Amino acid sequence: MTDTSTHRETRAAHAYTPGLRISERATVCRLRRLPLPGQVHVAVGDQVAATDIVASTQLPGRVHTLNIAHELNCQPDEIGRFMVKSEGEPVRHGDILAESKAFFGLFHSFVRAPIEGTIEAISTTTGQVLFRGEPLPVNLHAYVDGTVVEVHADEGVTIETTCALVQGIFGIGGERYGQLRVLTETPEQPLTADLIDASCRGAVLIGGGPVALDALQAAIEVGASAVVTGAIESPDLDSFIGHPIGVAITGQENIPISLIVTEGFGQLPMAERTFGIFRSLQGRRASVSGATQIRAGVIRPEVVVATEQPGEQSEAEAPTPYMTIGSPIRLIRAPYFGQLAKVVELPPEPVQLETEARVRVLRGRLSDGSVVTVPRANVEMIQR
């Protein structure tokens, strides 16, 4: 009886949950994959820098149409005798595609190619010619400094790196690179526009407390690569992007810098340990990705700084962690999105919510001392 009770208590005392990684020294692997099959330019064992091209491919060009029958004022089934170019033939912009002669050759009508590309199809049913524009080259960069540990034929590579790794709660913008510059004195100090000047060009700017909208605009004006800070106000984020942020994956926004917040939304300071890691890395080159997805298939925004001593012992990428009583967590759904808490209870049985769904929950104590009950799927564990 006692053994069974103890076992039940042990099961209730921990749970699996996604974790947010903050590590001064870790070994991580990053898969780099092409959108279409192409050519891999490196081999297993090669040392690569973040900006090295490790694979490349070509995306098909855009399709354009031109109504030849309309241009020559003829029937669609007549265009074949006017065409001077054939299917599959390359053309340059301005090349003559079709020619019509009238009145014993005294009058000529020409149709010229609107783009450079290849004639993909000539239709005598519609009278149209389809062009395929020039292929679009795609170069895949290594993203991190490290070693190629696996080659995926015609698709990409896996790169292993020994690094400092800081994952954020939310980010926008794609992959970027630059030297780390810590601009605030403390993790509580906001990142404001007056701290940003021309020397920040190309850098990854680190702030402590929330970043103001005018500071983001100043970072763009001086040509900074990315901004990493503790928090941002939701209205400022919406204004910066130009529309309310959705729940889909981020990272494809048409913005000139990437933004990562490590703690959440509102007036939150950066965690002291996170800020300390950034200060210790001042001047080092960082790889930054703002891509975020907090639903199934979690993707974390991150800052990766490769170390200079790859032979030293480091912390390997951890498996999914245990969450126990006292574990620090972050709430990732409204109405508590971005708030920090500590686990005070992990009820073993499912609980029925207001939505009538029955799910496993936890009770967490917020920074103001209040205790809230939330679904376990709505939190992430903070791994310090």
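The values are calculated or read from the model by the stated rules, or taken from the named source; none is laboratory data. No experiment lies behind these values; they were computed from the predicted model shown. Glycine also receives a Cβ, built like all others from the backbone with ideal geometry; neighbour counts cover every protein chain displayed.
Quick check: anything in the range 235-253 assigned to a strand (DSSP E or B) and touching a helix residue (DSSP H, G or I) at 6+ places or on another chain (Cβ under 8 Å)?
Narrowing the range 235-253 to residues assigned to a strand (DSSP E or B): none.
Taking every residue of the range 235-253 in turn, none turns out to be assigned to a strand (DSSP E or B) and touching a helix residue (DSSP H, G or I) at 6+ places or on another chain (Cβ under 8 Å).
Scan the range 111-124 and tell me whether some residue there is surrounded by fewer than 13 Cβ atoms within 10 Å (Cβ to Cβ) and either at pLDDT 90 or above or touching a Ser or Thr at 6+ places or on another chain (Cβ under 8 Å) (or both).
Quick first cut of the range 111-124, residues surrounded by fewer than 13 Cβ atoms within 10 Å (Cβ to Cβ) only: none.
No, there is no match, as no residue in the range 111-124 is surrounded by fewer than 13 Cβ atoms within 10 Å (Cβ to Cβ) and either at pLDDT 90 or above or touching a Ser or Thr at 6+ places or on another chain (Cβ under 8 Å) (or both).
Of all residues in the range 163-179 being over 10 Å from the mean Cα position of the chain (by Cα) and among the β-branched types (Val, Ile, Thr), which is farthest from Val144 (Cα to Cα)?
Only one residue tops the list, namely Ile169.
Among the residues of the range 53-76, write down those that are among the β-branched types (Val, Ile, Thr) and in a helix (DSSP H, G or I).
Within the range 53-76, just Ile68 meets the criteria.
For the range 63-98, give me each residue that is touching a Ser or Thr at 6+ places or on another chain (Cβ under 6 Å) and within 21 Å of Glu134 (Cα to Cα).
The one that is touching a Ser or Thr at 6+ places or on another chain (Cβ under 6 Å) and within 21 Å of Glu134 (Cα to Cα): Pro90.
Consider Ile196 against the criteria (1) free of Cβ contacts under 8 Å to residues at least 40 places away in the same chain; (2) closer than 15 Å to Leu268 by Cα: it satisfies all of them except one. Which criterion is unmet?
Evaluating Ile196 over (1) free of Cβ contacts under 8 Å to residues at least 40 places away in the same chain; (2) closer than 15 Å to Leu268 by Cα leaves (2) as the failure.
Taking the range 147-160 as the region of interest, how many residues are more than 27 Å from Gly61 (Cβ to Cβ) and modelled with pLDDT under 95? Give the derivation first.
Here is the first cut: in the range 147-160, the residues more than 27 Å from Gly61 (Cβ to Cβ) are 147-151, 158-160.
Those still in the list that are modelled with pLDDT under 95 too: none.
Summing the residues that are more than 27 Å from Gly61 (Cβ to Cβ) and modelled with pLDDT under 95 in the range 147-160 gives 0.
Can you name the residue in the range 144-167 that is part of a loop (DSSP other than H, G, I, E, B) and either assigned by TED's automatic domain parsing to the domain that holds Ile245 or in contact with a Lys or Arg (Cβ under 6 Å, 6 or more places away or on another chain) (or both) and is also surrounded by the most Cβ atoms within 10 Å (Cβ to Cβ) among such residues? Show your work before the answer.
Quick first cut of the range 144-167, residues part of a loop (DSSP other than H, G, I, E, B) only: 144-145, 153-155.
From what is left, the residues that are either assigned by TED's automatic domain parsing to the domain that holds Ile245 or in contact with a Lys or Arg (Cβ under 6 Å, 6 or more places away or on another chain) (or both) are 144, 155.
Numbers: Val144: 26, Glu155: 18.
So the residue we want is Val144.
State the number of residues belonging to the range 189-219 that are part of a strand (DSSP E or B) and surrounded by fewer than 17 Cβ atoms within 10 Å (Cβ to Cβ). Steps first, please.
The first filter runs over the range 189-219 and keeps only residues part of a strand (DSSP E or B), leaving 191, 204-206, 210-211.
Then keep just the ones that are surrounded by fewer than 17 Cβ atoms within 10 Å (Cβ to Cβ); that gives none.
Of the residues in that region, 0 qualify.
Confirm whether Leu106 is modelled with pLDDT under 90 and more than 30 Å from Leu165 (Cβ to Cβ). Show your work before the answer.
Values: modelled with pLDDT under 90: yes; more than 30 Å from Leu165 (Cβ to Cβ): yes.
Yes.
Go through the residues of the range 77-84 one by one and say whether even a single one is outside any strand (DSSP E or B), of a type in the set (Asp, Glu) and touching a strand residue (DSSP E or B) at 6+ places or on another chain (Cβ under 9 Å).
The first filter runs over the range 77-84 and keeps only residues outside any strand (DSSP E or B), leaving 77-82, 84.
Filter once more, so that each one left must be of a type in the set (Asp, Glu): 77-78.
Restricting the remaining residues to those that are touching a strand residue (DSSP E or B) at 6+ places or on another chain (Cβ under 9 Å) gives none.
No - not one qualifying residue is present in the range 77-84.
Hey, among Val227, Val304, which residue is modelled with pLDDT of 90 or more, among the hydrophobic types (A, V, I, L, M, F, W, C), in a strand (DSSP E or B) and out of contact with any helix residue (DSSP H, G or I) (no Cβ under 6 Å at 6 or more places or on another chain)?
Details: Val227 fails: out of contact with any helix residue (DSSP H, G or I) (no Cβ under 6 Å at 6 or more places or on another chain).
It is Val304.
If I go through the range 28-45 residue by residue, how many of them are closer than 23 Å to Arg284 by Cα and surrounded by 17 or more Cβ atoms within 10 Å (Cβ to Cβ)?
The total comes to 3.
Just one of Ala55, Ala26, Ala13 is at pLDDT below 60, of a type outside the set (Lys, Arg) and on the phi < 0 side of the Ramachandran plot; which is it? Outline the logic, then answer.
Numbers: Ala55 fails: at pLDDT below 60; Ala26 fails: at pLDDT below 60.
After applying the criteria, what remains is Ala13.
Any idea how many residues of the range 327-356 are of a type in the set (S, T, N, Q) and part of a strand (DSSP E or B)? Reasoning before the result, please.
If we filter the range 327-356 for residues that are of a type in the set (S, T, N, Q), which is where we start, we get 327, 339, 352, 355.
The next check asks that each one be part of a strand (DSSP E or B); those that pass are 352.
The total comes to 1.
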